[in-house]
Each structure stands twice: as C-alpha cells, then as structure tokens.
Amino acid sequence: MRTLLVANRGEIAARIIATARRLGIETVAVYSEADADLPFVHDADIAVPIGAAAPAASYLNVEAVLAAARDTGATAIHPGYGFLSENADFAETVAAEGMVWVGPSPAAMRAMSDKVDARNTMAAAGVPVAPGSPDPVHSAEVAMAEADRIGYPVMVKASAGGGGIGMAVAHDRAEVADAFATARSRAERFFASPAVLIEKFLPRARHVEVQILGLPDGSVVALGERDCSVQRRHQKVLEETPSPGVSPALRQRLLEIAVAAGESVGYRNAGTVEMLLDVDTSEVWFLEMNTRLQVEHPITEMVTGLDLVEEQFRIADGQMPTFGAVAPTPRGHAIELRIYAEDPVRFLPGPGLISQWQLPNGEHIRVDAGYRNGVKVTPFYDPLMAKLVVWGETREEMLQRARTAVESCHITGPKCNLPFFAEVLNDPTFIGGQYTTNLIAQMRA
C-alpha cells in the first residue's frame, strides 16, 4: 500500500491518516467546501476538493471520490464509517480499478446490508435472532399483522441502513401503523429502500457488540465486547469495554456468536456484530453486523493495545495481523465519550464557530478530534466533534479518570453535550453498571 485515499471527513479521517503516516503511507484527503479548514485536510500529504457541502455533492459523490483517487495515483481507499463505507458497489468499483479496498468483500457487505436478509442468513447459520418478520414489509396492513403475530411491543425499523434512523417502538396496532409510515419514509429518504422490518422489542435490554477481524487465512477472531447501551434516539453516545453487565460465561457466548456470524459470510477485515441482551433472561439476539470500522473502536484499542486501522491495512494487503492468529486478551477497562455539538438535555444539534477548544491529555487518555479552535461546526454533517477515550486498570479507576478528564474539557461556540457526561458519570445506575438502553430516559424522567 503506497498511497491511501481516505474517503471520509472529520475525526475518523484524521485518525486513519495518523496511522497511515506512522506506517510511511502517503495520504490523500478529500473534502467538501464546508470542511476546507478542518484539521484532517491539513494532516494529509495531498488534499483534493470534491464538491459542495451537501454529502450527495461531495462525500457520497462516487465519481468525484474516484476521480480524486485516479488523479493522485492512490493505490488504496479507506472509507472510514458512514458515507460510502458500506456501499458494496463502490467497493467493487475500487477493486475493479486496481486499488485496494480497506474493508470486507462486496459479497459480505451485501449479505449484511439488509437487516431482513442478514437475520435470515444468521438464523440459517445457527445464530440466535429475535422473533421478527421473515420478509421485508411494504404495507401498514402487513406490518400490523406481523406485529400481532410476534407480540407487542415491537420495534419498527428500516430494513436497510443503520444509525438508528427510522426506528420506533410500537405497543399496539395504531402505533405500528404510525411507526411504519415514518420508518418507510425515512428508509426511502436515507437508504433509497422503503423496506421495513418488524422485530420483537426488549423493554429491558443491553446493546452489546463484539469487534471481529476476518483474517486472510479464512479464520475470524473476536477482540472482546463493547457495551453501547447509553443511547439517545437509538443512537450511541457513550460506550465502554468490557460490559459491566456480562459474566465471563456470557462473554464467551457472545464471542462465539460473533465468530460464527463472521464465518457464515466469509468475513474479512474489521467488522462488528451487534447484539441485544435481555437482562431478565440473559437471552442474546443478533441485531446486525456493521461491515466497517465502528466509531467506538478506540476503546477496543485501549484494552488490547492494537491499532485496528493498521490491522485493516495488513489484512487488506493479504497479511496476517500483528498478533498472528491468536487474539490478545483485553486488559483493564476503557470508556468513550462522544463529544457532540448538541445540547446536553434534549440532544438537539447546535452548530457554530468554535471560540474555545480545550481537551485533556495525559497518561491513559486519548482524544480523537475532528475540529480545533477557530473552525466552524456546520449543520451539514453528524455533529460529532471529538471522542474522549479513557482507560483504567479497574472500572472505578476508569470512571474517576473520565470524570476528571471531562472537568478539564472546555468547548465554547457551538452547543456541547459535555455537561451530560458529567451527569451520567455520576449517575448511581450507571456507576452500578446495571443500566439498560433506557438509562437516559430514566435520567430525564
């Protein structure tokens, strides 16, 4: 891998560029008009403007990204997360043009791109799935009939895509009809697919995921689990590893399920198997597989000592990872706080010009930032500004270090959710480790 084009923006682009630079790989950044002043543009060896601020005109503009790759002589493309990262057609085109795609095969991406198809594939492989509609739902009448069959409450969600977009809980037929209309509309808008999935909803659940790596020799290894239960609007805002609600025996089961899921589709490179854990019964249900690097991958890096982007590069080049065929045993505890330009109570975006930007540093503290002082957070993209990642030998040490780190953060200009982290890190339910996906709703009740 000689020259890498990073088909993304913000903190993840900067983070990928940093690893490439350490490994002596030349980097190419592509950027929209709105992002011209962001750090990742200046971090790269080469920076190419690719269009207007709207994602469709820039980061989702396949031809503009490919043209930048051709013009700069890029030999590989890393898509980060979001945008084109799970676009199998794009990955196929990259490979057809003789460039290395830093990610899984298009076939694996397609197998997991639709939630209904993914559920059926997993069920056939013996992976546990929640009761749900076996086929995509295209009408409110069918949605209500499926909900009656499955039993209330149910989750109504877009069959394609991710990020919590188009999800809603329904407790009766009327709510199913309303949720179906919303999910269908958003699915068509965001994912160009109107199909909807009806699935059993767990009122008391943890959202737990396992980081996997599919290796060139055909094996799949698991690198531990992450707890992603702290969410607003079905979207993650804080993650920790290991999960404080998972016993050693259950952890082993989660890892085995994740490996089986990866093997069932011949998975290669980095991916994440997401699952729901019923806290009352300890049942585990497959949720989806993300065929890319996750936002929260740094906490896995903190407890394993790995650089997952470097491992991605190696696997894409047909090399075994730095650790060989045996995954390292995670050590200690790590937490990631997603610092968003949004208010800390209702979590609504609040872009603006950054007039103060002070983030902590020190031993066992890591900050992956997409912005700096004097630049503007615009309304065109996800409002994630930075990720504050903290490690501790014990969970208690980690939480105390995280509290101190949050206290030392100062960001002014745009709205910022830092006060929420000060709140949640001192919440008795969170401290006790027995929280569920309802934690924020309970805190706001």
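The values are calculated or read from the model by the stated rules, or taken from the named source; none is laboratory data. Because the structure is predicted, anything quoted here is derived from the model rather than measured. Note that each Cβ is placed from the backbone with ideal geometry, even for glycine, and that neighbours are counted across all protein chains shown. Note: areas computed on protein heavy atoms with side chains; ligands, DNA, RNA excluded. Shrake-Rupley method; radii C 1.70, N 1.55, O 1.52, S 1.80 Å.
Structure notes:
- Note on segment 362-393: residues that are closer than 24 Å to ILE335 by Cα and either in contact with a strand residue (DSSP E or B) (Cβ under 7 Å, 6 or more places away or on another chain) or hydrophobic (A, V, I, L, M, F, W, C) (or both) total 19.
Each row is one residue, and each column tells you yes or no for (1) modelled with pLDDT under 95; (2) within 19 Å of GLY433 (Cα to Cα); (3) open to solvent by less than 10 Å² (accessible area, probe 1.4 Å); (4) of a type in the set (A, V, I, L, M).
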| site | (1), (2), (3), (4) |
| --- | --- |
| ALA249 | no, yes, no, yes |
| GLY262 | no, no, yes, no |
| MET275 | no, yes, yes, yes |
| VAL284 | no, yes, yes, yes |
| GLU288 | yes, no, no, no |
| GLN294 | no, no, yes, no |
| MET302 | no, no, no, yes |
| ASP307 | no, no, no, no |
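- Failed item, numbered, when SER243 is tested on (1) touching a residue at least 40 places away in the same chain (Cβ under 8 Å); (2) open to solvent by less than 10 Å² (accessible area, probe 1.4 Å); (3) not in a strand (DSSP E or B): (1)
- Screening GLY266, GLY262 for residues that are touching a residue at least 40 places away in the same chain (Cβ under 8 Å), out of contact with any Lys or Arg (no Cβ under 8 Å at 6 or more places or on another chain) and assigned to a helix (DSSP H, G or I) leaves exactly one candidate, GLY262.
- Scanning segment 160-183 for residues that are assigned to a strand (DSSP E or B) and open to solvent by 10 Å² or more (accessible area, probe 1.4 Å) yields ALA160, ALA168, VAL169.
- Out of MET320, MET289, one residue alone is touching a residue at least 40 places away in the same chain (Cβ under 8 Å) and either assigned to a loop (DSSP other than H, G, I, E, B) or among the charged types (D, E, K, R) (or both). It is MET320.
- In segment 404-440, of all residues being open to solvent by 40 Å² or more (accessible area, probe 1.4 Å) and among the charged types (D, E, K, R), the one that is farthest from ILE365 (Cα to Cα) corresponds to LYS415.
- Residue list for segment 98-121, filter: of a type in the set (A, V, I, L, M, F, W, C), under 17 Å from the mean Cα position of the chain (by Cα) and not in a helix (DSSP H, G or I): VAL102
- Meets criteria (open to solvent by 60 Å² or more (accessible area, probe 1.4 Å), touching a residue at least 40 places away in the same chain (Cβ under 8 Å) and not aliphatic (A, V, I, L, M)) for GLU397: yes
- Unique residue being in a loop (DSSP other than H, G, I, E, B) and either buried (at least 20 other Cβ atoms within 10 Å of the Cβ) or at pLDDT 95 or above (or both) when the list is ARG372, ARG338: ARG372
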